[in-house]
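What follows is a short report on a single structure.
The values are calculated or read from the model by the stated rules, or taken from the named source; none is laboratory data. Keep in mind it's a predicted model, so treat the numbers as computed, not measured. We work out accessible area using only protein heavy atoms, side chains counted, and drop any ligands, DNA or RNA first. Shrake-Rupley method; radii C 1.70, N 1.55, O 1.52, S 1.80 Å.
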Amino acid sequence: ASGLPDVGYDSTETASIPQQANTAIKTFDMTAYDTFVIDYSVDFRSGADVYRKVGILQLSSYDYGTGNPADVIIQDYGTDKADGSVTGNVQFQANVASSVLTLTAISSVTESCNMKYIVRKWNAPLT
């Protein structure tokens with residue numbers, strides 16, 4: 001066995017989440033992978049006004065082609081805090097259509113936030 005017990009990421013994927021809006025964060029091509037784990041942080045800071053959320057999103061989906069059902073399961077293990085004059089929170093939803101899974105942020109935060117994340121992905125079926 002080998003590996004590093006402490007891993008740092010100097011570079012991550014990023015997304016902007018507008019205040020009090022829904023925005024697509026990322027799309028995934030399900031012809032290659034169908035299961036995704038996303039480690040993320042969401043942040044806004046200006047003096048004493050702060051919003052921070054950190055968590056892990058788990059998504060798994062299937063799309064069996066034309067005339068068959070497509071669906072996605074999503075679990076957000078996240079926690080957040082708003083301080084100062086900032087209110088609201090960020091939640092996530094996902095949907096799938098035509099073998100494309102779309103992850104969307106739903107923000108009620110009164111400020112625009114930045115999201116940093118890393119993605120791990122694989123195929124769930126044995127086939």
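Under the classification rounded if a/c is under 1.5, otherwise prolate if a/b is larger than b/c and oblate if not, where does region 68-124 fall, given a ≥ b ≥ c as square roots of the Cα gyration tensor eigenvalues? It comes out prolate by the Cα gyration axes. Solvent-accessible area of the chain (1.4 angstrom probe, protein heavy atoms only): carbon and sulfur portion equals 47 percent. Partners of residue 81 within straight-line reach, counting lysines whose Cα lies under 16 Å from its Cα and excluding those fewer than 8 residues away in the same chain: 53. The chain has equivalent-ellipsoid semi-axes of 29, 20, 10 Å, by the square roots of 5 times the alpha carbon gyration tensor eigenvalues, sorted largest first.
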